1. Among the candidates 172, 156, single out the residue that is in contact (Cβ under 8 Å) with a residue 24 or more places away in the chain and of a type outside the set (Asp, Glu).
2. Mind checking which pairs have a first residue in region 272-285 that is more than 9 Å from residue 303 (Cα to Cα) and a second that is surrounded by fewer than 17 Cβ atoms within 10 Å (Cβ to Cβ) and among the charged types (D, E, K, R), Cβ under 8 Å, 6 or more apart or different chains?
3. Taking into account only those residues within region 369-409 that are among the polar types (S, T, N, Q) and over 16 Å from the mean Cα position of the chain (by Cα), which is surrounded by the most Cβ atoms within 10 Å (Cβ to Cβ)?
4. Can you find, within region 199-221, the residue that is nearest to residue 272 (Cα to Cα) among those that are touching a residue at least 12 places away in the same chain (Cβ under 8 Å) and either more than 28 Å from the chain's Cα centre (by Cα) or not assigned by TED's automatic domain parsing to the domain that holds residue 322 (or both)?
5. Given 353, 440, which one is more than 23 Å from the chain's Cα centre (by Cα), over 20 Å from residue 258 (Cα atoms) and not polar (S, T, N, Q)?
6. From 273, 305, grab the single residue that is surrounded by fewer than 15 Cβ atoms within 10 Å (Cβ to Cβ) and touching a Leu at 6+ places or on another chain (Cβ under 8 Å).
7. Just for region 240-257: of the residues that are assigned to a helix (DSSP H, G or I) and not hydrophobic (A, V, I, L, M, F, W, C), which one is nearest to residue 430 (Cα to Cα)?
8. Only one of 102, 155 is over 21 Å from residue 244 (Cβ atoms), assigned by TED's automatic domain parsing to the domain that holds residue 58 and crowded, with 23+ Cβ neighbours inside 10 Å. Can you tell me which?
Amino acid sequence: MNLNPGSTSRRRFVQASAALATAARPILGANDRVGVAVTGLGGRGNNHMDYYLNIPGAQIVALCDVNQAALERGQTKVAKGGANPTPKGYADMRKLFEDKEVQAVSFATPNHWHALGSIWAMQAGKDVYCEKPASYNMFEGYQMVAAARKYGRMVQIGSQSRSTPHKMKAMQLLREGVIGKVYMAKGLCFKRRKSIGHKADEPTPAGLNWDLFLGPAPMRAYNELRFRYNWHWFWDTGNGDIGNQGVHEMDIVMWGLGKTTLPKSVISTGGKLAYEDDQETPNTQMATFDWGDGVQAQFEVRGLLTNAEAGIGQPGDPNCIGDIFYGSDGWMAVDHRGFQVYKGEKSEKVMDEPVQRTPWDTVPHMQNFIDGVKSRKIEDLHAEIEIGARAAAMCHLANMAYRLGRKLNFDDKTRKFINDAEANKAMTRNPYRAPYVVPEKV
C-alpha cells in the first residue's frame, strides 16, 4: 500500500486539485466555526462530543445514532455544553449528509461502518474525522484514499499519537539516528480483556435500528454481545484487539521505521486461549512483517494476565501498551508515559523524556483536523487518510495471515498477494449486504 504522504502521486494530487480545494472550502458561519456532526454516540462518540465542545474552531450542529436513546442523551449533553444549541438528530447518516449546515462529519461508529460512512460523507461534500482503524478491510482503505483524492476532502484518522508531543519528538529522534540504523520495531498490545461469556440471541430492543447498526455486515439476530463494545471481538464487525487498541501501536511502528509501503511478507499465529466464550477474534496473537530490506516489525497481542516488557507498563497495571525500536547503537521504548533511550553494550539509559500531559490527548488531534478543514492543505493533517489506511492495512495483513493459517507474500505495487487467490479474495467483504456496499468505483 504505497500511501506515502510525500509521494509523487500525492504531490500531483495537491497540484492538480488546487482549484477543486478552493471550491471545496467550507462556507463558515459568522463565528468562523466548522459545523461538525458526530456519528455513533457510544463510548467513543461521547468522547467526541466532549472534545469538540472544547475546540473553539468547531460547533456541533448535528448528531447521528441508530439508537434513539443514545441520540437523545447526546442532544441533551451538547445543549448543556454551553455555546452549542441543541443539535439536530438523525437515525440514518444518509439523511445527515443532506444537511447543509454540516461541513465535517466525525465518525465514532464501529469499524465496519468507517469506510462506507466516510465515502458517503465525502461524496456529499463533507470533510471527515474517522476513528481508527481507518477501514474494516484492505479494500476499504484503498477506496477511502481514492474518494478523498477524487472529491478533494480533508480526512483525518483518529491516530492521536501523531499529535502527541512526546511521541512526535521520539519519532524525530529516530529519524535523526539517536539509536543508529533502526532495523526492527516491536509493537505491544498487552491490554487486559476479560471473558465476554455467552449470551443468547434476543429480540431487538425498542428504539434500536438493528438493520442500520449492521449495515454492510451480514444480517444476524440481535445479540447484546454483538452490540455495544463487544462488537470488536466478532469478525463481522471488528478486527480483534490488533485492530482496536493495537492499531495505535502499529501506526507508531510504521512511523518510527519510516515505512510508506506494506511489507513483502507476513506471518501471524495465536488463538483464543484460556477462555470458553462467544468471542471469535484471538486474545493472543503474534505477527512478523518483513520488507525484504533488512528491516522487520513484530507485533504482539495479549489479553490475558501477563508481564510487562522493556519498562513499558507500570506495577499494578495489567496493561503494557507501547513500542520498542531497535537500532545499531541502542534501543528506544515509547508509551503513553514518555520515552527512554538506551545506548551501548550495557544498555545505558541516556535519555528519559516524561510526558507533558494535556487534559485530553485527542483534543490537539481534532484541533489539527479543524485547522486542516480551514486550510484545505492535506499536508497539514497529522494522520491524513493515507497514513491511517496504511496502519490499518498492517493489522488486516496480520489478521488475514492468522485466519488463513499461513505466510502471505504481498506485492505493494500491484496491491495483490502473490499466487494466492484465496488471500486476494479476503481483501474485501464477500459479499457486502445491499444497499450498504462499499463501491468498486468511488
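The values are calculated or read from the model by the stated rules, or taken from the named source; none is laboratory data. Everything numeric in this text was worked out from a predicted model, so none of it was measured. Every residue, glycine as well, gets a Cβ built from its backbone with ideal geometry; the counts of neighbours run over all protein chains shown.
1. Details: 172 fails: in contact (Cβ under 8 Å) with a residue 24 or more places away in the chain.
That would be 156, the only listed residue that is in contact (Cβ under 8 Å) with a residue 24 or more places away in the chain and of a type outside the set (Asp, Glu).
2. Final answer for the pair search is 272/280; 278/199.
3. Start the filter on region 369-409 by keeping residues that are among the polar types (S, T, N, Q), which leaves 375, 399, 409.
Add one more test, that the residue is over 16 Å from the mean Cα position of the chain (by Cα), and what stays is 375, 409.
On the way: 375: 14, 409: 17.
Per the stated criteria, the residue is 409.
4. In the first step, residues of region 199-221 are kept if they are touching a residue at least 12 places away in the same chain (Cβ under 8 Å); the result is 199-205, 207-210, 212-221.
Next, only the ones that are either more than 28 Å from the chain's Cα centre (by Cα) or not assigned by TED's automatic domain parsing to the domain that holds residue 322 (or both) stay: 199-205, 207.
Working: 199: 18, 200: 20, 201: 22, 202: 25, 203: 28, 204: 28, 205: 30, 207: 34 Å.
Looking at the filtered set, the residue picked out is 199.
5. Numbers: 440 fails: more than 23 Å from the chain's Cα centre (by Cα).
On inspection, the qualifying residue turns out to be 353.
6. Working: 305 fails: touching a Leu at 6+ places or on another chain (Cβ under 8 Å).
After ruling out the rest, the residue left standing is 273.
7. Step one: list which residues in region 240-257 are assigned to a helix (DSSP H, G or I), which gives 241-243, 246-257.
Checking which are not hydrophobic (A, V, I, L, M, F, W, C) leaves us with 241, 243, 246, 248-249, 251, 256.
Details: 241: 22, 243: 20, 246: 25, 248: 27, 249: 29, 251: 27, 256: 34 Å.
Top of the filtered list is 243.
8. Details: 155 fails: over 21 Å from residue 244 (Cβ atoms).
Step by step, each of 102, 155 is checked, and only 102 is over 21 Å from residue 244 (Cβ atoms), assigned by TED's automatic domain parsing to the domain that holds residue 58 and crowded, with 23+ Cβ neighbours inside 10 Å.
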